[in-house]
Each structure stands twice: as structure tokens, then as C-alpha cells.
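Encoded as C-alpha cells, the structure appears first; notes follow it.
The values are calculated or read from the model by the stated rules, or taken from the named source; none is laboratory data. Keep in mind that what you see is a predicted model, and the values were worked out from it rather than measured. In this analysis, Cβ positions are derived from the backbone assuming ideal geometry, glycine residues included, and neighbour counts consider all displayed protein chains. Ligands, DNA and RNA are excluded from the accessible area calculation, which covers all protein heavy atoms including side chains. Shrake-Rupley method; radii C 1.70, N 1.55, O 1.52, S 1.80 Å.
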Amino acid sequence: MSNFLRKADEFVFIAAMIGPWAFIVAIVIIVGLIKGCLPDKVDPMDNDINKAHEIIEHVMVMDSTYNGFRVVYVTENAVTEKRYREIRSRQHIREGFERLKREAPVHFGGSLRDVDICEFALYARNFHIDDDIRIHNIFIAGHRMDDYVQPNPNLPGCVTSMNYGTEQGNQYLNDQDINVYIPNGGRRYRYWKCRHLLQVSDTDERFSHFTKEERLY
């Protein structure tokens, strides 16, 4: 009888040890079977591990005197190549870009020559076009780019001509400025490809922010 009791105790001990794990394994198997029976809700267009944020368009918002802004739109999320092409093909997005080009100058009184880039960014940010795209950068564009290569008395040897290929020294805003600071009343101004101490300011500094030795090419 004692041998029987000893084996019974061993069986209970073993069952207690493997019982919880067996239960967990059973649950995993059942969940897997249920998921296998459910239809796949992922659109085949999005079913690819190769995804990235993609540029949708550089939208030139200009007034009649060729002064304004270049607005860079990107996908809101990382997307597949097929989804990227689909988003770019949406007619209402193309129409939205055209509306922005047409309505922004009117909103600012017809001229964009002296419109503050932060004021324009707030307007453009609230100009809804599609949930799948967002603004990534805004650059000064047109003749007013030359404002940012005016002589800087505090920077000997500064560059005083704009290279329209590199746009070095041009004023711009990045995604964080547009979506974090500006909506909350903050303002910052950035200068493209300039050294660290000269690449950001709290006011619109309309002069050169880099030297001839710092020119990219």
C-alpha cells in the first residue's frame, strides 16, 4: 500500500509541474487555430515587410511675383511601394495641392513676399488634404531666397549669393517645428546646411548664415 501511495504522490507532483504548461500550450494551439480560420484583414497592397516613409510631392506655393514656399509632403506612415503609388494616384490629393497653391496667396492678401514662414506653416498644417500624408518640411522659395544670403556684419567672409542647387543657407522648418512648436505658439527658424551654432534662430534673420569656406560646393 505504501508503494501505491508513493507512486500516487509522484503522479500528482508531475501533473502539478506540467499541468500549467500543458494548459498554456493548449491555449496557444487553440488561438492559432482560430486565427487560421479568420480572414486576413491586411490589404494585399500593404502586405510587404519592405516599408518606408516616402516623399509624395514638393508643392510650390507661389504668388504672382514668384515669391512663396516649397512644401514637402510625405506619407504619414511607412508604406509599401504599391501603397505609395496608390496614394500618389489619388485624384483628391492632386486637387488638394492645387487648392493650396491657389488659396494660400489669397489667404495672405495676394502676396507671399513677406509672410513669416511660421505663419504660413500654421496655415498649411491646418489645410487638410488626406489622412495618409503630412508635411515634412517647408522651405522659402522664389526670389525671397536671396534674403538669406544678405551680408552678415557679424560673420566675416559670409556667402552673399544663393546656390539654388543646394539651397544652403535657405530658411526652412522641419517636421517637429511644424507639428510640435508652431501649433502651441512656438517659433523657430532653421537655415539649411549651416553649422550648428548658426542653423537655428528665434527670429527671422534675413542674412547669411555660412561662410565661403563652409559652402558645400
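Would you check if Asn152 is within 16 Å of Val74 (Cβ to Cβ), open to solvent by less than 40 Å² (accessible area, probe 1.4 Å) and among the polar types (S, T, N, Q)? For Asn152, the condition - within 16 Å of Val74 (Cβ to Cβ), open to solvent by less than 40 Å² (accessible area, probe 1.4 Å) and among the polar types (S, T, N, Q) - is not met. Every condition in (1) open to solvent by 50 Å² or more (accessible area, probe 1.4 Å); (2) touching a residue at least 24 places away in the same chain (Cβ under 8 Å); (3) of a type outside the set (D, E, K, R); (4) outside any loop (DSSP other than H, G, I, E, B) holds for Phe207 except the one numbered (4).
Leu197 meets all of the listed conditions (1) of a type outside the set (Asp, Glu); (2) at pLDDT below 95; (3) not in a helix (DSSP H, G or I) but one, namely (3). Checking each residue in region 165-194 for being touching a helix residue (DSSP H, G or I) at 6+ places or on another chain (Cβ under 6 Å) and of a type in the set (D, E, K, R) picks out Arg187, Arg188.
Table: residues versus (1) touching a residue at least 12 places away in the same chain (Cβ under 8 Å); (2) of a type in the set (Asp, Glu); (3) open to solvent by 70 Å² or more (accessible area, probe 1.4 Å).
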site	(1), (2), (3)
Val71	yes, no, no
Thr75	yes, no, no
Tyr84	yes, no, no
Gln91	no, no, yes
His107	yes, no, yes
Asp131	yes, yes, yes
Arg144	yes, no, no
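Applying the set (1) of a type outside the set (Asp, Glu); (2) without any contact (Cβ under 8 Å) to a residue 60 or more places away in the chain; (3) open to solvent by less than 40 Å² (accessible area, probe 1.4 Å); (4) assigned to a strand (DSSP E or B) to His58 leaves exactly one unmet item: (3). The set of residues from region 161-192 being open to solvent by less than 50 Å² (accessible area, probe 1.4 Å), touching a residue at least 24 places away in the same chain (Cβ under 8 Å) and in a loop (DSSP other than H, G, I, E, B) comprises Asn163, Thr166, Glu167, Gln168, Gly169, Asn170, Asn174. Restricted to region 77-143, the set of helices (runs of 4 or more DSSP H) holding at least 3 residues that are under 26 Å from Asp202 (Cβ atoms) and of a type in the set (A, V, I, L, M, F, W, C) comprises 117-125.
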